[in-house]
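**Q** Take this structure first; my questions come after.
The values are calculated or read from the model by the stated rules, or taken from the named source; none is laboratory data. Predicted model only: the values in this text are computed from it and were never measured. Quick reminder, even Gly has a Cβ in these numbers, built from the backbone with ideal geometry, and neighbours come from all protein chains shown. Side chains are part of the model used for accessible areas, which takes the heavy atoms of the whole protein and leaves out ligands, DNA and RNA. Shrake-Rupley method; radii C 1.70, N 1.55, O 1.52, S 1.80 Å.
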Amino acid sequence: MNTNSLSERINNLSVSQTLAMAAKARELKAQGIDIISLSLGEPDFNTPDFIKEAAKKAIDENYSAYPPVDGYDDLKKAICNKFKRDNNLNYQPSNIVVSTGAKQSLYNIAQVMLNDGDEVILPAPYWVSYAEIIRLSGGVPVEVPTSVDTDFKITAEQLRAVITPKTKMMWFSSPCNPSGSVYSKAELENLVAVLKDFPQIFVVSDEIYEHINYTIDYCSIGSLAGMEDRTITVNGVAKAFAMTGWRIGYIGAPEFIAKACTKLQGQVTSGANSIAQRATIAALEASPEKIQYMVEAFKKRRDLVMQLISEIPGWKVNVPEGAFYAFPDVSSYFGKELKGKKINNATDFSMYLLEHANVATVTGDAFGNPNCIRLSYATSDDLLVNAFTQIKESLV
Ligand code: PMP
Ligand code: GLU
């Protein structure tokens, strides 16, 4: 069989390192090695009962036919109400497209917006799939490095410095996966002041961790003056509602972009799963209070993890204000030897932790920051304590 017959497109695509590390951890577990997986960003809660009930009802009510390609009308209305209620965003149903996860929403956007050579600004660290989705669509990711010392946020000056005539978009997440940083309204206003000088640039605001936000008031960049017509707001139910497997994401976007995404989806998926869409209506119509118990648990674990990290020598960390990741800078270990193994970079360090602490993490390289590793704390307190005890022991 000719295994060289795959397309250049797929040969050039990297595998998702979050999913790859999760698969590796599962493989080692299957061999009987007791791995604690802090690799995949996925709530350890079950989907709340009121959402499951809505799905069961949808099955009984025979929601079994193809749904509209861009989503059920009442779901799109519920999304508009949610955007108004939580984000002060004024979208109409014609601005909304429901997709098979926020990941597909992002892929749709890249496909409908980017021509070959178009530049997309990515404040780094950025979520693992952005760069590959952009490349897959012919775009060129332009990374803007940040560090733990600036809470991994970019400044207006940094943004201005990377804009070129080829800049088409900027993509970012707040709360950020992997750093947990949350941009305040004032910080976003500073970035918007720069963007005002470049009206051709569109912004993708990935707000999938919006509800998992511990400190400051949440601000959607699309709600700021002048940004409504140039922002694509991406969200989904995976994280806040513990619905990763249900695969529902959505966008609010200028109508011409929403229409283009619908056209694309009409050729590739015919729309998102009907039962999951009905369940999503229940999720979005509920008061965010209903999921507060999960947010509270994540916040407690954030505090626990900060305490545990402070006991690990040589790790430097920001205090994440949202999402459920810690992103320590572990570069003080680079160039050193641990148990006879030379640690050259974050990937070596992450592999060392897998082998010697039996803890799965993800290298910061996957997120555009080669000094850090990412740990998801969306797991039980006991496992977190055990994981950090094992990490600490492995580093002496
Ligand atoms: N954006 C970010 C920042 C994420 O962490 C994830 C993780 N899944 C996604 C998008 C994709 O979400 P979904 O599971 O809805 O595809
Ligand atoms: N978003 C999660 C993460 O970053 C899930 C994995 C993925 O979708 O790649 O770990």
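**Q** Is at least one residue of the stretch 80-101 closer than 25 Å to GLU289 by Cα, at pLDDT 95 or above, of a type in the set (Asp, Glu) and in a helix (DSSP H, G or I)?
**A** The answer is yes; a qualifying residue exists.
**Q** A further question follows. Just checking, which of SER223, SER173 is in contact with a strand residue (DSSP E or B) (Cβ under 9 Å, 6 or more places away or on another chain), within 16 Å of ligand 1 (Cβ to nearest atom) and among the hydroxyl-bearing types (Ser, Thr, Tyr)?
**A** Numbers: SER223 fails: within 16 Å of ligand 1 (Cβ to nearest atom).
Answer to the check: SER173.
**Q** Can we say THR155 is at pLDDT 95 or above, closer than 14 Å to VAL203 by Cα and not aromatic (Phe, Trp, Tyr)? Please lay out each step first, then the result.
**A** On the way: at pLDDT 95 or above: yes; closer than 14 Å to VAL203 by Cα: no; not aromatic (Phe, Trp, Tyr): yes.
Here the answer is no, as THR155 does not meet what is asked.
**Q** Filter the stretch 55-79 down to the residues that are in contact with a Lys or Arg (Cβ under 6 Å, 6 or more places away or on another chain) and either in a helix (DSSP H, G or I) or open to solvent by less than 40 Å² (accessible area, probe 1.4 Å) (or both) and list them by number. I'd like the intermediate steps shown before the answer.
**A** Our first condition is that a residue be in contact with a Lys or Arg (Cβ under 6 Å, 6 or more places away or on another chain); within the stretch 55-79, this holds for 58, 63.
Result: ALA58, single match.
**Q** Out of TYR209, TYR250, TYR183, report the one residue that is in contact with a Pro (Cβ under 7 Å, 6 or more places away or on another chain), within 15 Å of ligand 1 (Cβ to nearest atom) and at pLDDT 95 or above.
**A** Values: TYR250 fails: in contact with a Pro (Cβ under 7 Å, 6 or more places away or on another chain); TYR183 fails: in contact with a Pro (Cβ under 7 Å, 6 or more places away or on another chain).
Testing whether each residue is in contact with a Pro (Cβ under 7 Å, 6 or more places away or on another chain), within 15 Å of ligand 1 (Cβ to nearest atom) and at pLDDT 95 or above leaves just TYR209.
**Q** Does at least one position in the stretch 184-197 carry a residue that is under 23 Å from ALA323 (Cα atoms), within 16 Å of ligand 2 (Cβ to nearest atom) and hydrophobic (A, V, I, L, M, F, W, C)?
**A** Checked the stretch 184-197: no residue is under 23 Å from ALA323 (Cα atoms), within 16 Å of ligand 2 (Cβ to nearest atom) and hydrophobic (A, V, I, L, M, F, W, C).
**Q** Look at GLU119 and say whether it is open to solvent by 10 Å² or more (accessible area, probe 1.4 Å) and within 15 Å of ligand 1 (Cβ to nearest atom).
**A** Details: open to solvent by 10 Å² or more (accessible area, probe 1.4 Å): yes; within 15 Å of ligand 1 (Cβ to nearest atom): no.
No.
**Q** Continuing with this model, one more query. Could you please let me know if LYS239 is within 15 Å of ligand 1 (Cβ to nearest atom) and at pLDDT 95 or above? If you could, list the steps in order and put the result at the bottom.
**A** Details: within 15 Å of ligand 1 (Cβ to nearest atom): yes; at pLDDT 95 or above: yes.
So LYS239 fits the description; yes.
Okay, residues lined up against (1) within 12 Å of ligand 2 (Cβ to nearest atom); (2) surrounded by fewer than 16 Cβ atoms within 10 Å (Cβ to Cβ); (3) closer than 23 Å to TYR293 by Cβ; (4) free of Cβ contacts under 8 Å to residues at least 12 places away in the same chain:
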| position | (1), (2), (3), (4) |
| --- | --- |
| LEU6 | no, yes, no, yes |
| LEU13 | no, yes, no, no |
| THR18 | yes, no, no, no |
| ALA22 | yes, no, no, no |
| LEU38 | yes, no, yes, no |
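Matching residues to (1) open to solvent by 20 Å² or more (accessible area, probe 1.4 Å); (2) assigned to a loop (DSSP other than H, G, I, E, B); (3) in contact with a Gly (Cβ under 6 Å, 6 or more places away or on another chain); (4) at pLDDT 95 or above:
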| residue | (1), (2), (3), (4) |
| --- | --- |
| VAL295 | no, no, no, yes |
| ASP303 | yes, no, no, yes |
| VAL319 | yes, yes, no, yes |
| SER332 | yes, no, yes, yes |
| ASP348 | yes, no, no, no |
| ALA366 | no, no, no, no |
| ILE391 | no, no, no, yes |
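**Q** Hey, could you check the stretch 237-274 for residues that are small (Gly, Ala, Ser) and on the phi > 0 side of the Ramachandran plot and say which is nearest to ligand 2 (Cβ to nearest atom)? Give the derivation first.
**A** Looking only at the stretch 237-274, we keep the residues that are small (Gly, Ala, Ser), and these are 238, 240, 242, 245, 249, 252-253, 258, 260, 266, 270-272, 274.
This time we only want the ones that are on the phi > 0 side of the Ramachandran plot, so: 242, 270-271.
On the way: ALA242: 13, SER270: 22, GLY271: 21 Å.
Across the stretch 237-274, the extreme among qualifying residues is ALA242.
**Q** Being over 29 Å from GLY139 (Cβ atoms) and among the small types (Gly, Ala, Ser) narrows it down to one residue among ALA297, ALA272, ALA253; which is it?
**A** Numbers: ALA272 fails: over 29 Å from GLY139 (Cβ atoms); ALA253 fails: over 29 Å from GLY139 (Cβ atoms).
The match here is ALA297.
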